[in-house]
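In what follows, a structure is listed as structure tokens, so that the remarks can point back to it.
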Amino acid sequence: MTAIDPSVACILLAAGSARRFGGGKLYAPLGGRPLCEWAAGRLEAAGFVSRYLVVKGGDDPHPGRPGWQLVENPSAEEGIASSIRAGVLAAAGHARVVIALADMPFIDPNHLAALAGGEGTLFTRFPEGRPGCPAAFPADAFPDLLELRGDRGAAALCASLGGTTRTSPGGASATFDVDSDADLTKAEQMLRREPALYLDQRPPNLPAR
């Protein structure tokens, strides 16, 4: 896929407490790799070259991933808004950002690239119709993102920013998120049924299905 202009950055939020999962969600294995590696790989496949990974401050050193700038969020316990603020502050010099969640392993690279290349504020439309992340914001929306507090995610701004929702391509799997251990089991089952979901993320020792 063609590289996305460096003026457009992606921000991957990976600082959540994962209370419903019991902790440690983003390092739980999916298809032989930590869960958070999947969303990171999708953003790389979309063509982003300016990449920010927001992690919880004070945790054990994050292994990182080549080409990503780590952003520590010391206020992660506040909720998702603190991670959005940390990411937007780190990416403040960019003309546009795409915000994605690290617990969505099957987000579609083509959809991510479309959000990056679009204009204005764009939200993903989930199957039930609600707007959410991944979502894209131009620089003039950054002040609004920096005003978010607590568990108010970027979707809270959909009405006030006049966001345009987009149907996420790739079917329901593109908006699937892992909130619980049962969801992780379902994600493994999805991989068995749809090997194309692996993209380039299949571990070398994992045979094709």
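The values are calculated or read from the model by the stated rules, or taken from the named source; none is laboratory data. Not measured: the values here are computed from a predicted model. Methodologically, a virtual Cβ is constructed for each residue, glycine included, from the backbone with ideal geometry; neighbour enumeration extends over all protein chains shown.
Condition check ((1) in contact with a helix residue (DSSP H, G or I) (Cβ under 7 Å, 6 or more places away or on another chain); (2) touching a residue at least 24 places away in the same chain (Cβ under 8 Å); (3) assigned to a loop (DSSP other than H, G, I, E, B); (4) exposed (fewer than 13 other Cβ atoms within 10 Å of the Cβ)) across all residues:
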residue: Ala136; (1), (2), (3), (4): yes, yes, no, no
residue: Arg152; (1), (2), (3), (4): yes, yes, yes, no
residue: Ala159; (1), (2), (3), (4): no, no, no, yes
residue: Thr185; (1), (2), (3), (4): no, no, no, yes
residue: Leu197; (1), (2), (3), (4): yes, yes, no, no
task: Find all pairs meeting these conditions: Cβ atoms under 8 angstrom apart; at least six residues apart or on different chains; first residue within the stretch 82-100 and of a type in the set (D, E, K, R); second residue in a loop (DSSP other than H, G, I, E, B) and surrounded by fewer than 23 Cβ atoms within 10 Å (Cβ to Cβ).
output: Arg85/Leu146; Arg85/Leu148; Arg96/Ser7
query: Which of the residues that make up the stretch 30-55 are under 14 Å from Ile11 (Cα atoms), touching a helix residue (DSSP H, G or I) at 6+ places or on another chain (Cβ under 6 Å) and either in a strand (DSSP E or B) or modelled with pLDDT under 90 (or both)?
result: Cys36, Tyr52, Val54
field: Cross-chain or 6+ apart pairs with Cβ under 8 Å, the stretch 27-39 first and crowded, with 18+ Cβ neighbours inside 10 Å, then acidic (Asp, Glu) and assigned to a loop (DSSP other than H, G, I, E, B)
entry: Leu35/Asp103; Cys36/Asp103; Ala39/Asp103
task: Return yes when Phe123 is in contact with a Lys or Arg (Cβ under 9 Å, 6 or more places away or on another chain), buried (at least 20 other Cβ atoms within 10 Å of the Cβ), of a type in the set (Phe, Trp, Tyr) and assigned to a loop (DSSP other than H, G, I, E, B) and no when it is not.
output: no
